[in-house]
Amino acid sequence: MDWGTDLWDQYDIIDKHTQSGLELVEKYVKFVKERTEIEQNYAKQLRNLTKKYNPKRGCKEEQECRFSNHQSFLDILNEMNDYAGQRELIAENMMMNICIELTKYLQELKMERKTHLSEAKKAQQSLESTYKQLDSSKKRFEREWREADKAAQYAEKTDQDINATKADVEKAKQQANMRTHIAEECKNDYAAQLQKYNKEQSQFYFSDMPLIFNKLQDMDERRVRKLAQGYVLFSDTERHVMPIIGKCLEGVTKAGTNVNERNDSIALIEQYKSGFERPGDLDFEDYSQGINRASSDSSLGTLGTPKGPLELLGKNRSKPFWLFSKKSKPTVTEDFGHLPPEQRRKRLQQKLDDIGKELQKEVDQSEALEKMKDVYEKNPQMGDPASLSPQINQTAQNMERLRGELNKYESWLTEAGRRGDLVLRRDTLREDALSYRSHSNNNGSTHEPYSPDGTHSEEGTPDPSHAIYAEFDDDFEEEEEELVAPIGQCTAMYNFPGASEGTITMQEGEVLSVVEEDKGDGWTRVRRANGNEGYIPTSYVSISLSK
């Protein structure tokens with residue numbers, strides 16, 4: 001995965017990301033310099049410094065902490081706060097080995113970034129210039145064919161006019177032939193310009209810009225690697241003079257060595273990849289065939305507009321897709337339809353997880369209220385059961401509302417194309433079980449014995465959560481008994497933690513059996529030799545299917 005292939009239409013994102021990386025280097029240099037200035041009052045001033053550079057909640061810097069080089073910087077600040085009580089003079093070595101070295105390297109990166117962006121602008125201007133020439137030749141072709149058509153009609157009318165002289169007829173025919181010849185030349189010129197533009201557009205989107213974006217990616221990865229070395233130097237400088245805080249410094253070193261420029265690049269791709277395709281070639285429009293004289297003016301605005309991702313991107317239909325054009329801010333919708341396909345699925349899944357957590361809280365609260373009501377009914381001296389009715393009704397309404405939202409977002413997620421059948425089935429089974437439990441309690445048909453003090457009796461019915469999970473596990477185990485035959489094998493190219501429900505962990509180089517192909521949502525179902533199954537990212541493995 002690289003920026004030139006996956007982020008071909010995200011010029012603004014790459015521009016901001018590379019600028020943000022340079023600003024992070026500047027911020028780190030400034031951090032070290034200020035650290036050297038407060039060494040005389042180390043214990044007090046160092047805590048203030050780490051607090052100053054910790055990002056505020058919800059700000060842009062906090063959102064960038066998904067990248068390992070940003071997160072490592074925050075880890076260093078946390079480590080500094082742990083050993084803020086230690087006072088040692090290390091300012092000179094930090095200034096020489098970190099501040100001066102990184103400042104010099106930063107200037108080189110700024111010049112390199114400026115050069116790459118200048119090349120991108122020149123390529124864009126060249127493509128725009130070619131398009132203007134194409135548009136000019138197309139309009140001239142149209143205009144000349146109109147004139148030729150009028151001249152031909154006039155010649156025919158003159159030839160049929162009995163009052164016209166032979167000289168007038170010959171003159172009209174010569175004029176028609178001349179106009180037709182000029183129109184043919186304009187047609188050939190338009191065809192040549194169209195071929196030239198399509199060639200340059202293909203070169204621009206499939207060669208020139210991917211090459212520039214990959215250069216920027218290489219530059220950014222080198223910056224991350226150099227910054228990671230600066231993080232490690234930060235700890236090594238202190239380690240020579242402060243062995244008493246060696247454990248804290250090991251944590252700083254770990255923060256520096258955990259930086260992975262490749263994973264940072266992949267994280268940027270996964271976050272901002274739009275899923276759109278590059279625009280295709282423009283079609284040749286032959287005005288010489290069947291031109292509609294009466295409506296030609298009104299039809300010009302719809303000619304020459306490329307199809308496909310332009311309409312999805314909401315561009316002007318009379319112009320081609322420009323990579324560098326300013327994008328208007330889309331209208332935010334509840335179903336996240338304003339986002340690109342990849343980002344929409346992620347936001348919908350995140351919203352589903354949040355609603356699921358809220359629903360679980362309401363279910364737990366409902367069960368607690370039902371238990372309390374049952375205790376009050378058996379022990380009136382402890383409280384009035386009727387006093388709990390408003391809370392029970394409110395909780396039921398909240399559960400109904402959350403279930404409605406859950407169904408709504410599940411339908412949107414299905415529409416977005418993400419496969420979540422396994423996870424949704426587990427949630428549905430558990431929700432059905434909880435609903436059945438709540439219904440039974442409301443009807444008074446099922447009550448759990450409680451001791452007089454309101455605690456759960458050990459001799460009564462077991463905890464309902466255990467029964468619920470038992471029903472769910474039994475149903476799910478019956479599904480797993482019917483194993484599907486593998487359709488191929490895959491080899492892991494990267495490590496995958498498999499932290500979310502329905503996924504499976506994977507180590508680099510591990511060979512797994514493919515049970516179900518990727519349905520277009522980026523996930524493949526696999527099985528280990530021990531029978532464990534789950535989903536893994538398709539882009540993390542090399543798949544070989546059986547013929």
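The values are calculated or read from the model by the stated rules, or taken from the named source; none is laboratory data. Since the structure is predicted, the reported quantities are computational estimates derived from the model, not experimental observations. Here the Cβ positions follow ideal geometry from the backbone for every residue, glycine too, while neighbour counts run over all protein chains shown. Heavy atoms of the whole protein, side chains included, go into the accessibility calculation; ligands, DNA and RNA do not. Shrake-Rupley method; radii C 1.70, N 1.55, O 1.52, S 1.80 Å.
Would you point out the residue of region 229-248, among those that are among the hydrophobic types (A, V, I, L, M, F, W, C) and either open to solvent by 30 Å² or more (accessible area, probe 1.4 Å) or modelled with pLDDT under 80 (or both), that is farthest from TYR205 (Cα to Cα)?
ILE244
What are the pairs with Cβ atoms under 6 angstrom where one residue, in region 18-29, is under 15 Å from SER72 (Cα atoms) and assigned by the TED database to the domain that holds TYR53 and the other, located anywhere, is basic (Lys, Arg) and open to solvent by less than 10 Å² (accessible area, probe 1.4 Å)? Sequence gap at least six, or different chains.
Every condition considered, the pairs that remain are GLY21/ARG223.
Hey, among the residues in region 509-522 that are of a type in the set (A, V, I, L, M, F, W, C) and open to solvent by less than 50 Å² (accessible area, probe 1.4 Å), which one's farthest from TRP412 (Cα to Cα)?
The residue in question is LEU512.
Could we say that ALA192 is at negative phi, buried (at least 19 other Cβ atoms within 10 Å of the Cβ) and small (Gly, Ala, Ser) here?
No.
Out of curiosity, is SER265 at pLDDT 65 or above and either basic (Lys, Arg) or assigned to a loop (DSSP other than H, G, I, E, B) (or both)?
Taking the combined requirement at face value, the residue does not satisfy it.
(1) part of a helix (DSSP H, G or I); (2) loosely packed, with under 14 Cβ neighbours inside 10 Å: which one isn't true of ILE162, the others all being true?
All conditions are met except number (1).
Counting only residues that are aliphatic (A, V, I, L, M) and open to solvent by less than 30 Å² (accessible area, probe 1.4 Å), how many does region 95-116 have?
Total satisfying the criteria: 4.
ALA43 passes all but one of (1) assigned to a helix (DSSP H, G or I); (2) modelled with pLDDT of 85 or more; which number fails?
Only one criterion in (1) assigned to a helix (DSSP H, G or I); (2) modelled with pLDDT of 85 or more is unmet by ALA43, namely (2).
Considering each of GLN124, GLN133 in turn, give the residue that is open to solvent by less than 20 Å² (accessible area, probe 1.4 Å), assigned to a helix (DSSP H, G or I) and in contact with a helix residue (DSSP H, G or I) (Cβ under 8 Å, 6 or more places away or on another chain).
Of GLN124, GLN133, the one residue that is open to solvent by less than 20 Å² (accessible area, probe 1.4 Å), assigned to a helix (DSSP H, G or I) and in contact with a helix residue (DSSP H, G or I) (Cβ under 8 Å, 6 or more places away or on another chain) is GLN124.
Is at least one residue of region 276-299 at pLDDT 50 or above, closer than 30 Å to ASN407 by Cβ and assigned to a loop (DSSP other than H, G, I, E, B)?
Yes, that holds for at least one residue.
What are the residues in region 333-378 that are not aromatic (Phe, Trp, Tyr) and not in a helix (DSSP H, G or I), if any?
THR333, GLU334, ASP335, GLY337, HIS338, LEU339, PRO340
Does ARG179 qualify as being open to solvent by 90 Å² or more (accessible area, probe 1.4 Å) and either assigned to a helix (DSSP H, G or I) or among the aromatic types (Phe, Trp, Tyr) (or both)?
No: the conditions fail for ARG179.
Given (1) surrounded by 14 or more Cβ atoms within 10 Å (Cβ to Cβ); (2) out of contact with any Gly (no Cβ under 6 Å at 6 or more places or on another chain), identify the lone condition not met by PRO340.
Result: PRO340 passes all but (2).
Being modelled with pLDDT under 90 and assigned to a strand (DSSP E or B) is the filter here, so list the residues in region 499-514 that pass it.
Within region 499-514, THR503, MET506 qualify.
Within region 523-547, work out how many residues are open to solvent by 60 Å² or more (accessible area, probe 1.4 Å) and either outside any loop (DSSP other than H, G, I, E, B) or in contact with a Lys or Arg (Cβ under 7 Å, 6 or more places away or on another chain) (or both).
Residues in region 523-547 being open to solvent by 60 Å² or more (accessible area, probe 1.4 Å) and either outside any loop (DSSP other than H, G, I, E, B) or in contact with a Lys or Arg (Cβ under 7 Å, 6 or more places away or on another chain) (or both): 5 in total.
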